[in-house]
Amino acid sequence: MNCTVKNTPPKSGTIKENDHMKTIKHKVPDGKLLRIKLEVQENEIKDISITGDFFMYPEEGIEYIEKALKGININEVEEKTREVIAERNIEITGFSPKDLQKAIKPDLN
């Protein structure tokens, strides 16, 4: 698994730079590249932006996932992502909810 985490200023301005913001690049095994801009305070996701080489239908599905992840504990990413996918009938090729969880919190199994 290839995963890089670094502090970086945002390019789009959607996530404001501070000490809690991270940029994560995660190559999913046999999948695509995830690029995640993440602001976390006390294990709670304050802001998140997910981009990468994956495919999603409908395209706005990523916005539903990002919105649902704001305010939750970083340990609940996989579960919450699965809920949103089921509720909104989202199809994803290139990563799974478990891959997203591993990218955000790599020490979880």
> When the label point is put 7 Å from the Cα of Lys105 along its Cα-to-beta-carbon vector, which residues of segment 48-88 have a backbone N closer than 14 Å?
Replying inline: 69-82
> Counting other C-beta atoms within 10 Å, which of Val84, Val77, Val28 has the fewest, and how do the rest follow?
Replying inline: Val84, Val28, Val77
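Bear in mind that the values in this text are calculations on the coordinates, not laboratory data. Bear in mind that the values here come from a model prediction, so they are computed numbers and not experimental data. Counting neighbours? That spans all protein chains shown, and the Cβs are built from the backbone with ideal geometry, glycine included.
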